[in-house]
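The values are calculated or read from the model by the stated rules, or taken from the named source; none is laboratory data. Values in this document were obtained by computation on a predicted structure and should not be read as measured data. Counting neighbours? That spans all protein chains shown, and the Cβs are built from the backbone with ideal geometry, glycine included.
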Amino acid sequence: MRLLMSIKRQNLSNSQLTYVGVYQNGKKQQRWIVNYYNCEIGGGYYDNFGQKINQWVELHENFGGGCEVVYKGFYKFGKKFGNWEIMHRQDADNQFQVIGYQIFNEFGLKNGIQIELREIFLNDYQIIYVGSYKNGIKSGYWEIKYRESHRDQFIKIGEGYYNEKGLKVGIWIDIDDDFHNFNKQINIGLYTQGEKSGQFIVKELE
């Protein structure tokens, strides 16, 4: 058994993450911690098979100065299980606050009502989605919400429906694929089996 320290830098100008833990026979074992500028910010435990177990705090894939988001929850047999909290802070001087959650069933699939983040989530323009999953597939009515930095409340800016296959259907008020602080465009139109149908109306978010 040997102690291994690995260092990952996401952005040398504003972010330094360090992963510290133990390997045995090429597999991660025991407790691993994640440090951000030498302060512990995440981590958890591995079992003898190198699978994550018990409670973990994991970092958003783009974690750094512009996106300080962590996920807190439990692993069971190497898969996420139960309720996971999504927590965000504006900067290192603030406390993490819960802004969303995900629920996983015994198979590690999302199930039930969720509040999850847009894939591109930054402090300056924060987008969340609120809706339901059925065995890992989006289903039914979903809302899109937005807030600017240092604001407390998210406001609804979009909505629409998914069918039983997880495809967008009917009239959607959707955000532009390139939505950001200088391009706050909303697209309104019809989806048929996940594909845009006909002309969409483009509006600027007030």
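Things to note:
- Here Tyr71 clears all of (1) at pLDDT 95 or above; (2) not in a strand (DSSP E or B) except the condition numbered (2).
- Within the range 169-206, restricting attention to residues that are among the charged types (D, E, K, R) and in contact with a Lys or Arg (Cβ under 9 Å, 6 or more places away or on another chain), the residue that is modelled with the lowest pLDDT is Glu206.
- Residue match in the range 25-47 (condition: assigned to a strand (DSSP E or B), among the aromatic types (Phe, Trp, Tyr) and under 27 Å from Ser149 (Cβ atoms)): yes
- Residue within the range 84-104 that is exposed (fewer than 13 other Cβ atoms within 10 Å of the Cβ), farther than 24 Å from His150 by Cα and modelled with pLDDT of 90 or more present: no
- Cβ-Cβ contacts under 8 Å between residues 6 or more apart (or on different chains), taken from a first residue in the range 154-180 that is on the phi > 0 side of the Ramachandran plot and free of Cβ contacts under 8 Å to residues at least 12 places away in the same chain to a second residue that is crowded, with 19+ Cβ neighbours inside 10 Å and not in a strand (DSSP E or B), are absent.
- Consider the range 58-104 and keep the residues that are hydroxyl-bearing (Ser, Thr, Tyr) and in contact (Cβ under 8 Å) with a residue 24 or more places away in the chain. The one that is nearest to Val34 (Cα to Cα) is Tyr71.
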